[in-house]
Amino acid sequence: MTAGSDSVLELLPMVFAAPHQALARAEEVLGSDPSPLHASVAHQVIGIWQRDWGDMRLALDHLRRARDLGARSESTDREADALAALGVALVHAGRTRQGLESLERGVAVSSGHTRAQILFRRAYASWVLGHHRAALEDVRRAVPVLRQADDVIWTARALTLRATVHLALGAVERADADFTAAEALWDTTGQEHDKADAVESRGLAAYRSGNIPAALRLLDEAQERYAKLGTPTFMLTVRRCEVLMAAGLAPEALTEADAAIKALDGIGGQSTLKAELLLAAARAAR
(Lines give C-alpha, C1' and ligand atoms only; values in the text may rest on other atoms or scores of the structure.)
Protein backbone atom coordinates (compact mmCIF):
# COMPACT_ATOMS: atom_id res chain seq x y z
CA MET A 1 0.00 0.00 0.00
CA THR A 2 1.36 3.42 -0.95
CA ALA A 3 0.33 6.91 0.00
CA GLY A 4 -0.76 7.50 -3.58
CA SER A 5 -3.19 4.59 -3.56
CA ASP A 6 -6.94 5.02 -3.18
CA SER A 7 -6.82 2.03 -0.85
CA VAL A 8 -5.53 4.39 1.85
CA LEU A 9 -9.12 5.55 2.21
CA GLU A 10 -10.14 1.99 3.08
CA LEU A 11 -8.05 2.02 6.24
CA LEU A 12 -10.70 3.74 8.36
CA PRO A 13 -13.33 0.99 8.10
CA MET A 14 -10.52 -1.54 8.53
CA VAL A 15 -9.79 -0.25 12.07
CA PHE A 16 -12.82 -2.13 13.38
CA ALA A 17 -12.54 -5.07 10.98
CA ALA A 18 -8.83 -5.96 11.39
CA PRO A 19 -7.42 -3.50 13.98
CA HIS A 20 -3.77 -4.57 14.07
CA GLN A 21 -3.56 -4.87 10.29
CA ALA A 22 -5.03 -1.38 9.90
CA LEU A 23 -2.48 0.01 12.36
CA ALA A 24 0.45 -1.56 10.53
CA ARG A 25 -0.73 -0.31 7.15
CA ALA A 26 -1.31 3.22 8.44
CA GLU A 27 2.25 3.29 9.72
CA GLU A 28 3.44 2.15 6.27
CA VAL A 29 1.53 5.02 4.67
CA LEU A 30 3.22 7.58 6.91
CA GLY A 31 6.61 6.20 5.86
CA SER A 32 5.91 6.73 2.16
CA ASP A 33 5.76 10.55 1.82
CA PRO A 34 1.93 10.74 1.61
CA SER A 35 -0.20 13.66 0.51
CA PRO A 36 -1.85 15.71 3.29
CA LEU A 37 -5.16 13.91 2.70
CA HIS A 38 -3.67 10.43 2.93
CA ALA A 39 -1.43 11.39 5.85
CA SER A 40 -4.53 12.71 7.63
CA VAL A 41 -6.29 9.37 7.15
CA ALA A 42 -3.26 7.42 8.38
CA HIS A 43 -2.85 9.56 11.49
CA GLN A 44 -6.57 9.21 12.19
CA VAL A 45 -6.36 5.41 11.93
CA ILE A 46 -3.46 5.32 14.39
CA GLY A 47 -5.23 7.83 16.63
CA ILE A 48 -8.44 5.78 16.73
CA TRP A 49 -6.49 2.60 17.47
CA GLN A 50 -4.65 4.29 20.34
CA ARG A 51 -7.85 5.96 21.57
CA ASP A 52 -9.75 2.71 21.90
CA TRP A 53 -7.01 0.20 22.75
CA GLY A 54 -3.84 2.08 23.64
CA ASP A 55 -2.31 5.26 25.01
CA MET A 56 -4.64 8.27 25.05
CA ARG A 57 -1.76 10.74 24.86
CA LEU A 58 -0.56 9.18 21.62
CA ALA A 59 -4.14 9.12 20.37
CA LEU A 60 -4.60 12.85 20.88
CA ASP A 61 -1.28 13.61 19.20
CA HIS A 62 -2.16 11.61 16.09
CA LEU A 63 -5.73 12.90 15.92
CA ARG A 64 -4.58 16.52 16.16
CA ARG A 65 -2.19 15.84 13.27
CA ALA A 66 -5.07 14.25 11.36
CA ARG A 67 -7.17 17.38 11.92
CA ASP A 68 -4.39 19.76 10.85
CA LEU A 69 -3.53 17.73 7.77
CA GLY A 70 -7.23 17.45 6.95
CA ALA A 71 -7.42 21.24 6.88
CA ARG A 72 -4.37 21.36 4.59
CA SER A 73 -5.87 18.75 2.27
CA GLU A 74 -8.57 21.22 1.16
CA SER A 75 -11.16 18.48 1.68
CA THR A 76 -13.90 19.73 3.99
CA ASP A 77 -15.13 16.19 4.56
CA ARG A 78 -11.65 15.01 5.57
CA GLU A 79 -11.22 17.87 8.02
CA ALA A 80 -14.70 17.31 9.48
CA ASP A 81 -14.13 13.59 9.94
CA ALA A 82 -10.83 14.20 11.73
CA LEU A 83 -12.46 16.85 13.94
CA ALA A 84 -15.11 14.35 14.98
CA ALA A 85 -12.60 11.60 15.80
CA LEU A 86 -10.56 14.08 17.84
CA GLY A 87 -13.70 15.30 19.61
CA VAL A 88 -14.61 11.80 20.79
CA ALA A 89 -11.05 11.22 22.01
CA LEU A 90 -11.02 14.49 23.96
CA VAL A 91 -14.27 13.54 25.68
CA HIS A 92 -12.80 10.16 26.62
CA ALA A 93 -9.71 11.95 27.94
CA GLY A 94 -11.90 14.03 30.27
CA ARG A 95 -11.55 17.23 28.23
CA THR A 96 -15.27 17.54 27.70
CA ARG A 97 -15.53 21.18 26.62
CA GLN A 98 -12.76 20.85 24.04
CA GLY A 99 -14.21 17.61 22.77
CA LEU A 100 -17.69 19.00 22.28
CA GLU A 101 -16.26 22.09 20.58
CA SER A 102 -14.37 19.87 18.11
CA LEU A 103 -17.54 17.90 17.39
CA GLU A 104 -19.55 21.10 16.94
CA ARG A 105 -16.96 22.36 14.49
CA GLY A 106 -17.14 19.08 12.59
CA VAL A 107 -20.92 19.35 12.29
CA ALA A 108 -20.66 22.99 11.21
CA VAL A 109 -18.20 22.42 8.34
CA SER A 110 -19.79 19.22 7.01
CA SER A 111 -22.93 18.36 5.10
CA GLY A 112 -24.98 15.40 3.88
CA HIS A 113 -23.56 11.94 4.44
CA THR A 114 -20.44 13.16 6.26
CA ARG A 115 -22.51 15.29 8.62
CA ALA A 116 -24.66 12.25 9.47
CA GLN A 117 -21.50 10.33 10.46
CA ILE A 118 -20.41 13.23 12.63
CA LEU A 119 -23.84 13.53 14.22
CA PHE A 120 -23.45 9.88 15.17
CA ARG A 121 -20.11 10.68 16.87
CA ARG A 122 -21.66 13.62 18.71
CA ALA A 123 -24.51 11.35 19.81
CA TYR A 124 -21.95 8.84 21.05
CA ALA A 125 -20.14 11.55 23.03
CA SER A 126 -23.45 12.65 24.53
CA TRP A 127 -24.15 9.05 25.58
CA VAL A 128 -20.72 8.79 27.22
CA LEU A 129 -21.51 11.97 29.16
CA GLY A 130 -24.96 10.71 30.18
CA HIS A 131 -26.84 13.22 28.01
CA HIS A 132 -29.26 10.63 26.68
CA ARG A 133 -31.90 12.90 25.18
CA ALA A 134 -29.28 14.85 23.22
CA ALA A 135 -27.75 11.57 22.04
CA LEU A 136 -31.13 10.30 20.88
CA GLU A 137 -31.87 13.52 18.99
CA ASP A 138 -28.58 13.41 17.06
CA VAL A 139 -28.74 9.72 16.22
CA ARG A 140 -32.34 10.06 15.03
CA ARG A 141 -31.18 12.77 12.64
CA ALA A 142 -28.30 10.62 11.41
CA VAL A 143 -30.06 7.30 10.72
CA PRO A 144 -32.28 8.36 7.76
CA VAL A 145 -29.36 10.02 5.97
CA LEU A 146 -27.08 7.03 6.49
CA ARG A 147 -29.79 4.67 5.24
CA GLN A 148 -30.44 6.82 2.17
CA ALA A 149 -26.71 6.73 1.39
CA ASP A 150 -26.81 2.91 1.70
CA ASP A 151 -24.03 3.15 4.29
CA VAL A 152 -24.39 -0.24 5.96
CA ILE A 153 -21.56 0.12 8.48
CA TRP A 154 -22.53 3.53 9.83
CA THR A 155 -26.24 2.72 9.80
CA ALA A 156 -25.54 -0.36 11.91
CA ARG A 157 -23.40 1.69 14.28
CA ALA A 158 -26.14 4.31 14.60
CA LEU A 159 -28.81 1.68 15.27
CA THR A 160 -26.60 0.05 17.90
CA LEU A 161 -26.07 3.38 19.62
CA ARG A 162 -29.77 4.24 19.42
CA ALA A 163 -30.57 0.89 21.01
CA THR A 164 -28.05 1.52 23.79
CA VAL A 165 -29.60 4.92 24.51
CA HIS A 166 -33.07 3.36 24.52
CA LEU A 167 -31.83 0.89 27.13
CA ALA A 168 -30.48 3.72 29.26
CA LEU A 169 -33.92 5.36 29.09
CA GLY A 170 -35.71 2.12 29.98
CA ALA A 171 -37.23 1.45 26.53
CA VAL A 172 -36.19 -2.22 26.33
CA GLU A 173 -38.50 -3.21 23.44
CA ARG A 174 -37.27 -0.35 21.24
CA ALA A 175 -33.70 -1.30 22.11
CA ASP A 176 -34.30 -4.94 21.16
CA ALA A 177 -35.72 -3.89 17.78
CA ASP A 178 -32.72 -1.69 17.01
CA PHE A 179 -30.21 -4.31 18.19
CA THR A 180 -31.87 -6.90 15.95
CA ALA A 181 -31.83 -4.58 12.93
CA ALA A 182 -28.19 -3.64 13.56
CA GLU A 183 -27.08 -7.25 13.90
CA ALA A 184 -28.72 -8.15 10.58
CA LEU A 185 -26.67 -5.40 8.95
CA TRP A 186 -23.43 -6.44 10.70
CA ASP A 187 -23.86 -9.95 9.34
CA THR A 188 -23.41 -8.54 5.82
CA THR A 189 -20.03 -6.93 6.69
CA GLY A 190 -16.56 -7.96 7.78
CA GLN A 191 -16.55 -5.57 10.75
CA GLU A 192 -15.49 -8.13 13.33
CA HIS A 193 -15.03 -5.71 16.22
CA ASP A 194 -18.42 -4.15 15.62
CA LYS A 195 -19.95 -7.64 15.50
CA ALA A 196 -18.44 -8.42 18.90
CA ASP A 197 -19.80 -5.13 20.20
CA ALA A 198 -23.26 -6.14 18.94
CA VAL A 199 -23.09 -9.38 20.94
CA GLU A 200 -21.97 -7.40 23.99
CA SER A 201 -24.93 -5.06 23.53
CA ARG A 202 -27.32 -8.01 23.36
CA GLY A 203 -25.85 -9.19 26.65
CA LEU A 204 -26.61 -5.82 28.18
CA ALA A 205 -30.16 -5.98 26.84
CA ALA A 206 -30.63 -9.48 28.31
CA TYR A 207 -29.46 -8.21 31.69
CA ARG A 208 -31.82 -5.24 31.58
CA SER A 209 -34.71 -7.59 30.79
CA GLY A 210 -33.82 -9.73 33.83
CA ASN A 211 -32.20 -12.72 32.10
CA ILE A 212 -28.87 -12.90 33.94
CA PRO A 213 -27.74 -16.34 32.63
CA ALA A 214 -28.27 -15.20 29.02
CA ALA A 215 -26.47 -11.94 29.77
CA LEU A 216 -23.39 -13.73 31.13
CA ARG A 217 -23.38 -16.16 28.18
CA LEU A 218 -23.53 -13.33 25.63
CA LEU A 219 -20.85 -11.30 27.42
CA ASP A 220 -18.60 -14.36 27.45
CA GLU A 221 -19.20 -14.82 23.71
CA ALA A 222 -18.34 -11.16 23.08
CA GLN A 223 -15.14 -11.53 25.11
CA GLU A 224 -14.10 -14.52 22.99
CA ARG A 225 -14.67 -12.48 19.83
CA TYR A 226 -12.60 -9.56 21.15
CA ALA A 227 -9.84 -11.96 22.17
CA LYS A 228 -9.55 -13.19 18.58
CA LEU A 229 -8.97 -9.59 17.50
CA GLY A 230 -6.45 -8.95 20.28
CA THR A 231 -8.26 -5.86 21.56
CA PRO A 232 -8.86 -4.98 25.25
CA THR A 233 -12.42 -5.21 26.59
CA PHE A 234 -12.70 -2.58 29.30
CA MET A 235 -16.32 -1.54 28.66
CA LEU A 236 -17.32 -5.17 28.57
CA THR A 237 -15.72 -5.56 32.02
CA VAL A 238 -17.86 -2.69 33.33
CA ARG A 239 -20.99 -4.40 32.03
CA ARG A 240 -19.91 -7.82 33.25
CA CYS A 241 -19.31 -6.43 36.74
CA GLU A 242 -22.83 -5.03 36.75
CA VAL A 243 -24.27 -8.43 35.84
CA LEU A 244 -22.06 -10.26 38.35
CA MET A 245 -23.28 -7.91 41.08
CA ALA A 246 -26.88 -8.65 40.14
CA ALA A 247 -26.07 -12.36 40.39
CA GLY A 248 -24.71 -11.88 43.91
CA LEU A 249 -21.09 -12.38 42.86
CA ALA A 250 -19.57 -9.20 44.27
CA PRO A 251 -16.09 -10.66 45.02
CA GLU A 252 -15.77 -11.82 41.40
CA ALA A 253 -16.89 -8.40 40.17
CA LEU A 254 -14.33 -6.65 42.38
CA THR A 255 -11.53 -8.92 41.15
CA GLU A 256 -12.40 -8.27 37.50
CA ALA A 257 -12.72 -4.50 37.99
CA ASP A 258 -9.39 -4.23 39.83
CA ALA A 259 -7.59 -6.24 37.12
CA ALA A 260 -9.08 -4.05 34.39
CA ILE A 261 -8.09 -0.84 36.20
CA LYS A 262 -4.51 -2.07 36.47
CA ALA A 263 -4.43 -2.99 32.78
CA LEU A 264 -5.94 0.35 31.74
CA ASP A 265 -3.41 2.29 33.82
CA GLY A 266 -0.66 0.23 32.23
CA ILE A 267 -1.47 1.49 28.74
CA GLY A 268 -2.52 5.05 29.62
CA GLY A 269 -6.08 4.45 28.45
CA GLN A 270 -9.32 6.42 28.57
CA SER A 271 -10.07 8.35 31.75
CA THR A 272 -13.82 7.93 31.22
CA LEU A 273 -13.40 4.15 31.23
CA LYS A 274 -11.27 4.33 34.36
CA ALA A 275 -14.03 6.26 36.08
CA GLU A 276 -16.56 3.58 35.08
CA LEU A 277 -14.27 0.82 36.35
CA LEU A 278 -13.56 2.61 39.63
CA LEU A 279 -17.29 3.00 40.19
CA ALA A 280 -17.86 -0.69 39.45
CA ALA A 281 -15.07 -1.64 41.88
CA ALA A 282 -16.47 0.64 44.58
CA ARG A 283 -19.96 -0.82 44.24
CA ALA A 284 -18.57 -4.36 44.42
CA ALA A 285 -16.40 -3.54 47.44
CA ARG A 286 -19.36 -1.99 49.26
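Checked against the criterion of being under 21 Å from residue 158 (Cα atoms) and either at pLDDT below 90 or in a helix (DSSP H, G or I) (or both), the stretch 206-215 has at least one qualifying residue. If you check 99, 87, 112 for being open to solvent by less than 50 Å² (accessible area, probe 1.4 Å) and either without any contact (Cβ under 8 Å) to a residue 12 or more places away in the chain or under 16 Å from residue 43 (Cβ atoms) (or both), only one passes: 87.
Just one of the numbered conditions (1) under 30 Å from residue 210 (Cα atoms); (2) open to solvent by less than 20 Å² (accessible area, probe 1.4 Å); (3) touching a Gly at 6+ places or on another chain (Cβ under 9 Å) is not true of residue 168: (2). Consider the stretch 240-286 and keep the residues that are among the acidic types (Asp, Glu) and within 21 Å of residue 216 (Cα to Cα). The one that is surrounded by the most Cβ atoms within 10 Å (Cβ to Cβ) is 276.
Taking the listed residues 182, 222, 171, the one that is among the small types (Gly, Ala, Ser), within 27 Å of residue 267 (Cβ to Cβ) and free of Cβ contacts under 8 Å to residues at least 40 places away in the same chain is 222, with no other qualifying. Kindly indicate whether any position in the stretch 31-47 is out of contact with any Phe, Trp or Tyr (no Cβ under 8 Å at 6 or more places or on another chain), without any contact (Cβ under 8 Å) to a residue 24 or more places away in the chain and surrounded by fewer than 21 Cβ atoms within 10 Å (Cβ to Cβ). For the stretch 31-47, residues out of contact with any Phe, Trp or Tyr (no Cβ under 8 Å at 6 or more places or on another chain), without any contact (Cβ under 8 Å) to a residue 24 or more places away in the chain and surrounded by fewer than 21 Cβ atoms within 10 Å (Cβ to Cβ): present.
The set of residues from the stretch 177-232 being surrounded by 22 or more Cβ atoms within 10 Å (Cβ to Cβ) and hydroxyl-bearing (Ser, Thr, Tyr) comprises 201, 207. Can you say whether residue 141 is in contact (Cβ under 8 Å) with a residue 12 or more places away in the chain and open to solvent by 60 Å² or more (accessible area, probe 1.4 Å), as far as the supplied structure shows? Yes, satisfied.
Set side by side, the residues 159, 136 differ, and just one is over 14 Å from the mean Cα position of the chain (by Cα), part of a helix (DSSP H, G or I), without any contact (Cβ under 8 Å) to a residue 60 or more places away in the chain and buried (at least 18 other Cβ atoms within 10 Å of the Cβ), which is 136. Out of the residues in the stretch 6-30 meeting the condition of being surrounded by fewer than 20 Cβ atoms within 10 Å (Cβ to Cβ) and small (Gly, Ala, Ser), tell me which one is modelled with the highest pLDDT. Only one residue fits best here, namely 24.
Per-residue answers, yes or no, for (1) within 19 Å of the chain's Cα centre (by Cα); (2) of a type in the set (Ser, Thr, Tyr); (3) not in a helix (DSSP H, G or I):
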{"position": "236", "(1), (2), (3)": "yes, no, no"}
{"position": "257", "(1), (2), (3)": "no, no, no"}
{"position": "272", "(1), (2), (3)": "yes, yes, no"}
{"position": "281", "(1), (2), (3)": "no, no, no"}
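For the stretch 12-61, the set of residues classified as on the phi < 0 side of the Ramachandran plot and of a type in the set (Asp, Glu) consists of 27, 28, 52, 55, 61, listed by residue number. With respect to the conditions (1) under 14 Å from the mean Cα position of the chain (by Cα); (2) at pLDDT 95 or above, residue 61 lacks only one, and its number is (1).
The values are calculated or read from the model by the stated rules, or taken from the named source; none is laboratory data. A quick note: this is a predicted structure, and the numbers were derived from the prediction, not measured. No Cβ is skipped: glycine too gets one built from the backbone with ideal geometry, and neighbour counts run over all protein chains shown. Accessible surface is based on the protein model in full, side chains and every heavy atom, while ligands, DNA and RNA are left aside. Shrake-Rupley method; radii C 1.70, N 1.55, O 1.52, S 1.80 Å.
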